[in-house]
Amino acid sequence: MKNFAVKCLTTLLCCGLLSAVVASEPEATALNSRLVHFPAFGGKTPLDVMGVFRTPQGTGKFPVVIILHGSAGIDSRGAMHAQNLAKAGIASLELDMWGARGLSGGAKGRPDKVHDTLPDLWGAEVWLANQEKIDAKRIGVMGFSWGGVMAMLSATAENGPPAGVPPLQGNIALYPVCWAYNKVPGYRFQALRATKVLILAGAKDRYDDNEQACPELVQSLEPEYRNQLSVQVYPNAEHGFDMLEKENHYQDPYSHRGKGGESISAPNPEAREDARRRVVSFFNERFAITP
């Protein structure tokens, strides 16, 4: 499994999507990038997780954002957002959760439930807290689809970091399948930890089939937790609106509010650019960074 992960991440880091994204940025920030690995934390089975650790140039202790991929695995989105964060002086650690398990990704090549990958996130936090260049008091997380669900669950009192793991200071969930929370067993989203959550969703997302799914989730919370969440729904945007790849059609049993069927991930340049700005602005605020 480890060799599989090395192959996937080396392709990304050395000759793949990272280079393409950086080359497309006219004012790209120079990054120190390297492959790292660390043990998952709190899982039932020992697991060695790998990732791409990116830090801005310079000295001092950087805040950091853990980036969690979707069901399809690592693609252009992580490197793109890492570059934007670096411009703001924020480091990132993009995980390869499928490589750690020898999985191919997609609806048939992912773990049975999102909870299975939460130990990857906890292990990343523990590893980051011991890095000389990282400020352990300023760790956040963002995720896409599957990773977005992880970002949501990790904000709850029920599924948040266990003892020995630094608390998260901010959680961003991009198109995190809002209809499922408090409906699918095990995916409770109620009592929240002391963090802020930003949800970025598409009005045409075929998982939710309703542009009000995410706002309605927020309104369903007890009043004491509602002010911890903010939601932006982009008109005419599908699932995966911030991707750089071409439109993709696929089958998923969780699409159409659990009825299953075809879903679509498709880029939306306008929504993507706004999301890029919001991600940086959110973490600037959470990490007390003055632009």
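Details
- Among the residues of region 233-263, those that are more than 17 Å from H69 (Cβ to Cβ) and buried (at least 16 other Cβ atoms within 10 Å of the Cβ) comprise V233, Y234, A237, E238, S255, H256, R257.
- Restricting region 82-99 to residues that are under 14 Å from S33 (Cα atoms) and under 12 Å from the mean Cα position of the chain (by Cα), the residue that is surrounded by the most Cβ atoms within 10 Å (Cβ to Cβ): L95
- Scanning region 57-75 for residues that are closer than 14 Å to S92 by Cβ and part of a strand (DSSP E or B) gives F62, P63, V64, V65, I66, I67, L68.
- Pairing each residue of region 100-113 that is at positive phi and in contact (Cβ under 8 Å) with a residue 40 or more places away in the chain with any residue that is part of a helix (DSSP H, G or I) and open to solvent by 20 Å² or more (accessible area, probe 1.4 Å), provided the two are 6+ apart or on different chains, yields C-beta distances under 8 Å for G102/F4.
- One residue alone among S104, S92 is outside any helix (DSSP H, G or I) and in contact with a strand residue (DSSP E or B) (Cβ under 6 Å, 6 or more places away or on another chain), and that residue is S92.
- Total residues in region 114-154, condition crowded, with 22+ Cβ neighbours inside 10 Å, in contact (Cβ under 8 Å) with a residue 40 or more places away in the chain and assigned to a loop (DSSP other than H, G, I, E, B): 1
The values are calculated or read from the model by the stated rules, or taken from the named source; none is laboratory data. Source: prediction; values computed, not measured. FYI the Cβ positions are ideal-geometry reconstructions off the backbone, even for glycines, and counts take in every protein chain you see. Keep in mind that these areas ignore ligands, DNA and RNA; they rest on the heavy atoms of the full protein, side chains included. Shrake-Rupley method; radii C 1.70, N 1.55, O 1.52, S 1.80 Å.
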